[in-house]
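The values are calculated or read from the model by the stated rules, or taken from the named source; none is laboratory data. Just so you know, these numbers come straight off a predicted model, no measurement behind them. Positions of Cβ are generated from backbone atoms using ideal geometry, with glycine treated the same way; all protein chains shown enter the neighbour counts.
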Amino acid sequence: MTAVETEAESAAATFARPASRAARSSVGTIIAASMVGTTIEFYDFYAYGTAAANYFPHVFFSDTTNPTVALLLSLVTFAVAFLARPVGSLIFGHFGDSIGRKATLVVSLMTMGVATFLIGCLPGYDAWGVWAVLALCVCRFVQGIGLGGEWSGAALVATENAPADKRALYGSFPELGAPIGFFLCNGTYVVLEMFNDDAAMLAWGWRVPFLLSSLLVVVGLLVRVHMEETPAFRAAQQSQRVVKAPAVEVFRTSWRQVLQATFLVAVTYTLFYTLATWSLAWATKSDAQGGGGLGFSTTEYMTMLMVSVCVFAVFIVLSCVFADRLGRRRVIIGSSVALLVFAALFPLLMNRNVVGVHNTAAAMLFLCLGFALMGIAFGPIGALLPELFSVNVRYTGSGIGYNLAAIVGAAFVPSGATWLSSHWGVGSVGLYLGVMALCCLVAILTCHETRDVDYMQ
């Protein structure tokens with residue numbers, strides 16, 4: 001055997017086999033780096049969603065003539081970040097696939113953190129007029145750029161360090177950042193609402209969660225600068241498989257997988273923002289304000305959201321355990337069918353003509369069922385999406401698919417659902433969700449099982 005043959009075989013073996021334990025970050029570091037970062041990112045995003053539903057119609061938009069229009073305009077600004085997210089996935093995906101996951105994740109976190117902090121510093125419409133709205137939209141756009149590079153990188157840090165038979169479980173780490181960030185954000189708002197009246201919340205209280213995010217960003221940065229580059233990316237570098245233009249390569253070789261990823265994730269976004277943003281406005285506002293007149297206070301409903309989001313976290317982990325045992329495909333098919341049933345039935349739980357006013361049991365059933373199904377559908381995504389792409393375009397491909405899903409499934413859910421429910425009743429929101437669940441079912445049926453793919457390739 002020649003020296004050249006020996007060297008080639010050694011390189012191939014290094015690329016094909018899982019990285020050694022010594023080459024990986026510790027499990028604790030993997031959990032912290034993937035979960036803490038996405039917790040911060042989602043905390044920031046949820047802070048905006050809550051503020052857009054409750055405070056921004058008053059702070060940034062004149063709601064004196066038509067409160068419903070003010071609410072709709074506020075929720076439209078919510079969509080700005082989602083439109084920016086694919087741009088962020090292209091930017092950060094390029095660097096994540098060319099220079100590495102670690103450095104890219106640090107920059108994405110800083111981008112999101114700075115934008116969120118600045119939102120908390122903005123003057124309202126009374127001080128700046130239309131310029132306040134424009135500044136809000138700019139900050140929101142930059143927020144979306146940062147988040148566009150966050151999720152896919154965090155998912156790769158988790159799964160590219162995972163044992164082959166536990167990739168879905170490891171992929172649950174960044175997914176758990178969603179309920180944790182939501183819990184922290186809503187908990188902050190609940191505490192503020194308990195000790196301040198409406199005037200104080202509109203004057204300064206809404207700013208506090210945005211400003212506090214700076215502390216969380218520091219924690220996230222400290223964790224991420226100490227993590228190792230992932231074994232899969234190092235193997236790609238060593239075998240010279242890193243490409244100069246990952247985005248071009250993705251659309252040349254993996255455009256079908258991008259479409260599959262988009263519709264696999266879109267329903268989870270539709271469901272989440274139906275539960276967390278639309279239902280908050282629907283349950284707490286009167287008919288005249290664009291709500292459903294269910295008779296709940298903001299504090300009451302946000303407390304119920306915090307309780308039900310714990311169900312979300314539990315079902316993320318459970319679904320990932322089953323995804324490692326049964327395969328990603330079976331779990332997602334089951335969740336899609338269950339979501340179709342939920343979409344048909346849930347409007348009954350949010351219709352005051354059926355359940356009455358201030359029916360806590362009906363609202364909690366709606367939230368707990370919805371978040372349980374959200375956990376089942378969302379959990380395996382952390383492993384499934386990266387598994388659809390080869391290692392040299394994995395950051396870009398999974399990021400583009402994930403963030404296109406944000407546009408398709410979430411960008412206009414709060415405003416669209418508010419418009420639908422105010423014109424056609426709450427049943428139209430269920431129909432909206434049902435269409436997205438059907439799209440997810442079609443997408444997963446076109447996918448092959450990915451549990452056993454060679455993740456180093």
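So which residues in the range 64-107 are at pLDDT 90 or above and among the polar types (S, T, N, Q), if there are any at all? Hits for the range 64-107 are S89, S98, T104. Only one entry of A261, A247, A283 meets the criterion of being surrounded by fewer than 21 Cβ atoms within 10 Å (Cβ to Cβ) and either among the hydrophobic types (A, V, I, L, M, F, W, C) or under 19 Å from F346 (Cα atoms) (or both), and that entry is A247. Scanning the range 295-310 for residues that are crowded, with 20+ Cβ neighbours inside 10 Å and within 20 Å of the chain's Cα centre (by Cα) gives M302, L305, S308, V309. In the range 99-115, the count of residues that are hydroxyl-bearing (S, T, Y), touching a Lys or Arg at 6+ places or on another chain (Cβ under 9 Å), closer than 20 Å to L222 by Cα and in a helix (DSSP H, G or I) is zero.
Can you tell me which residue is farthest from the chain's Cα centre (by Cα) among those in the range 118-176 that are within 30 Å of D324 (Cβ to Cβ) and of a type in the set (D, E, K, R)? Going through the qualifying residues, I end up with D165.
In the range 328-382, how many residues are among the hydrophobic types (A, V, I, L, M, F, W, C), over 15 Å from I316 (Cα atoms) and part of a helix (DSSP H, G or I)?
Going residue by residue through the range 328-382, those that are among the hydrophobic types (A, V, I, L, M, F, W, C) are 331-333, 337-346, 348-350, 354-355, 357, 361-369, 371-374, 376-378, 381.
Going one step further and asking which of them are over 15 Å from I316 (Cα atoms), we end up with 333, 337-346, 348-350, 354-355, 357, 361-367.
Retained after the next criterion (residues that are part of a helix (DSSP H, G or I)): 333, 337-346, 348-349, 354-355, 361-367.
Count: 22.
Only one of the numbered conditions (1) farther than 22 Å from V190 by Cβ; (2) surrounded by 16 or more Cβ atoms within 10 Å (Cβ to Cβ); (3) out of contact with any helix residue (DSSP H, G or I) (no Cβ under 7 Å at 6 or more places or on another chain) is not met by S336, and that is (3). Once the range 403-446 is narrowed to residues that are over 22 Å from the mean Cα position of the chain (by Cα) and not in a helix (DSSP H, G or I), the residue that is modelled with the lowest pLDDT is G425.
Every residue, every condition in (1) part of a helix (DSSP H, G or I); (2) under 30 Å from G124 (Cβ atoms); (3) touching a residue at least 60 places away in the same chain (Cβ under 8 Å), yes or no:
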site: V142; (1), (2), (3): yes, yes, no
site: G146; (1), (2), (3): yes, yes, yes
site: A154; (1), (2), (3): yes, no, yes
site: A158; (1), (2), (3): yes, no, yes
site: R167; (1), (2), (3): yes, no, yes
site: L184; (1), (2), (3): yes, yes, yes
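The single residue among L349, L369 that is surrounded by fewer than 24 Cβ atoms within 10 Å (Cβ to Cβ), of a type in the set (A, V, I, L, M) and touching a residue at least 24 places away in the same chain (Cβ under 8 Å) turns out to be L369. Of the helices (runs of 4 or more DSSP H) lying entirely inside the range 190-262, the ones with 2 or more residues being within 30 Å of A443 (Cβ to Cβ) and in contact (Cβ under 8 Å) with a residue 12 or more places away in the chain are found at 231-238, 246-253. The set of residues in the range 443-452 that are touching a Phe, Trp or Tyr at 6+ places or on another chain (Cβ under 7 Å) and among the β-branched types (V, I, T) is empty.
Under 6 Å between Cβ atoms, at least 6 apart or on separate chains: pull out the pairs that start in the range 112-129 with a residue that is closer than 9 Å to L211 by Cβ and end on any residue that is surrounded by fewer than 17 Cβ atoms within 10 Å (Cβ to Cβ) and modelled with pLDDT under 90. Qualifying pairs under 6 Å: F117/S214.
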